[in-house]
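> Provided herewith is a single structure, encoded as structure tokens, for subsequent inquiry.
The values are calculated or read from the model by the stated rules, or taken from the named source; none is laboratory data. None of these values were measured; they are calculated from a predicted model. Positions of Cβ are backbone-derived with ideal geometry, glycine not excepted, and every protein chain shown enters the neighbour counts.
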Amino acid sequence: MTNQYAGPEIYVQTRDVAGKIIDRSLNLGENNLPLALTERSALEPDSAWTEIAIVAGERRLIYNQPILHDASKGSLLQISSSLTDRDRSLNNLSRVLVAGNFFVIVAAFGTGWLLAGVGLRPISRLAQAILAIGKMRDFSRRVNYVGSDDEIGQLASTFDQMLAELEDAHRQTEQTLQAQRRFVADASHELRTPLTTARGNLALLRREPPISKNDRYEVLVDLVEETDRLIRLVNDLLVLARADVQPPQWQDPVKLQPLLAVVQRQMKQLAPKRKIQFAQISDGTLAPITVLGNADALKQVLLILLDNAVKHTLPSAQIVLKTAVINSTVEICVCDSGSGIPQEELIHIFDRFYVVDTARTQNSTGLGLSIAKTLVESQNGQLTVTSNATKGTMFKVTLSCKKQF
């Protein structure tokens, strides 16, 4: 019976209830199909089970099926099939899966590397451009990103905006440093001249034999003049330095008529031989005029402009200070009938230490008009100049004003 169901790869064997072999297929030879001791007592009709064992040097799957003949007799049918082909297939499949997974991982890594390189290439170019800009300190360069307007594009645009702001800040810083260097150089030059003159005069006073009384008097006069010039220069420099550090913004109410009267009296003392005409304020009403600014600063501005007109015109020239109210502003003009200022020099007229006519302004520091412009701007006003060779020069101060009724 066992040989009837046996095959080339199938072994069949029967056992009794005690586990003794009753019959087996011929292809088993001298080998037996093993039986697990723990299962021998479970010879129930519905208690079939399988197990894997080594038979004749190979792994085999053994199917155990209890058979009940009657209430007191039974047997166990064992059928075994070889697992060699299955194990070989599983081993091959495992090798294929391992090799396939390896190649898939390598391909995925390579593909990811390429895609990451393509995706990060704009960032790399952006980093290189920024590094080159930083090394060269050339804030005029731009990233010039070409691509979609994604996060990287927005980052590049942000860097370009930052570079534009840095370029503007760098330019302003350079201009400020150049202005400071020029100011220090000019100030040093202006301070050196009176100091050199004073030292020369002191050397004359120490001469042996001593100089004559007349020469001594002239030397002392020169010393006083140079000392006064130094005082004026230092005071002017202090005014400009304070304005540069923290420019004031004056908007106090200042009554114009009393201030002009004070300026008129002081000019009579400063230039008694010059006739300066103070024209009446023209606004179409009799109401007093109040400007917004600072009384001391405005008085200094007008004195500077009038003194400038006196120094740069002949004694016969006419000087006029006139005032007009236009809408919500007041214009104070200082006019003279001198020879005017060349057009190529008008653009430098408010530069510090700039002197137009050195022949007639030997005692000028070249800071007066610069101080006047600074003081006017500190009152939220404007100081402008127009000049004509036949009509003379006019400086115009424009300030905000309000009428008092």
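> May I ask you to list pairs of residues, at least six apart or on different chains, whose Cβ atoms are under 9 Å apart, with the first in region 108-120 being free of Cβ contacts under 8 Å to residues at least 24 places away in the same chain and the second being in a helix (DSSP H, G or I) and surrounded by 10 or more Cβ atoms within 10 Å (Cβ to Cβ)?
Final answer for the pair search is 117/124; 119/152.
The rows are residues; the columns are (1) loosely packed, with under 15 Cβ neighbours inside 10 Å; (2) at pLDDT 85 or above; (3) outside any loop (DSSP other than H, G, I, E, B).
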{"position": "314", "(1), (2), (3)": "yes, yes, no"}
{"position": "341", "(1), (2), (3)": "no, yes, no"}
{"position": "362", "(1), (2), (3)": "yes, no, no"}
{"position": "380", "(1), (2), (3)": "yes, yes, no"}
{"position": "396", "(1), (2), (3)": "no, yes, yes"}
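Yes/no matrix, rows are residues, columns are (1) within 28 Å of residue 390 (Cβ to Cβ); (2) among the charged types (D, E, K, R); (3) in a helix (DSSP H, G or I); (4) under 49 Å from the mean Cα position of the chain (by Cα):
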| site | (1), (2), (3), (4) |
| --- | --- |
| 273 | yes, yes, no, no |
| 290 | no, no, no, yes |
| 296 | no, yes, yes, yes |
| 301 | yes, no, yes, yes |
| 321 | yes, no, no, yes |
| 331 | yes, yes, no, yes |
| 334 | yes, no, no, yes |
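Results for (1) assigned to a strand (DSSP E or B); (2) over 30 Å from residue 23 (Cβ atoms); (3) at pLDDT 80 or above, shown as yes or no for each residue.
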site	(1), (2), (3)
45	no, no, no
70	no, no, no
78	yes, no, yes
81	yes, no, yes
99	no, yes, yes
109	no, yes, yes
127	no, yes, no
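> If a residue has to be of a type outside the set (Val, Ile, Thr) and surrounded by 19 or more Cβ atoms within 10 Å (Cβ to Cβ) to count, how many in region 316-339 make the cut?
Residues of region 316-339 that are of a type outside the set (Val, Ile, Thr), as a first pass: 316-318, 321-322, 324, 327-328, 331, 333, 335-339.
When the remaining residues are screened for being surrounded by 19 or more Cβ atoms within 10 Å (Cβ to Cβ), the result is 321, 335-336, 338.
Residues in region 316-339 being of a type outside the set (Val, Ile, Thr) and surrounded by 19 or more Cβ atoms within 10 Å (Cβ to Cβ): 4 in total.
> Being touching a residue at least 24 places away in the same chain (Cβ under 8 Å), of a type outside the set (Asp, Glu) and out of contact with any Ser or Thr (no Cβ under 6 Å at 6 or more places or on another chain) is the filter; apply it to region 218-233 and report the residue that is surrounded by the most Cβ atoms within 10 Å (Cβ to Cβ). Walk me through it before giving the result.
In the first step, residues of region 218-233 are kept if they are touching a residue at least 24 places away in the same chain (Cβ under 8 Å); the result is 222-223, 225-227, 229-230, 232-233.
With the extra rule that they be of a type outside the set (Asp, Glu), the set shrinks to 223, 227, 229-230, 232-233.
Within this subset, residues satisfying the condition of being out of contact with any Ser or Thr (no Cβ under 6 Å at 6 or more places or on another chain) are 223, 227, 229-230, 232.
Details: 223: 18, 227: 12, 229: 20, 230: 18, 232: 16.
Result: 229.
> If you go through region 328-339, how many residues are at pLDDT 85 or above and over 18 Å from residue 275 (Cβ atoms)?
Filtering region 328-339 down to residues at pLDDT 85 or above leaves 328-337.
This time we only want the ones that are over 18 Å from residue 275 (Cβ atoms), so: 328-332.
Within region 328-339, residues that are at pLDDT 85 or above and over 18 Å from residue 275 (Cβ atoms) number 5.
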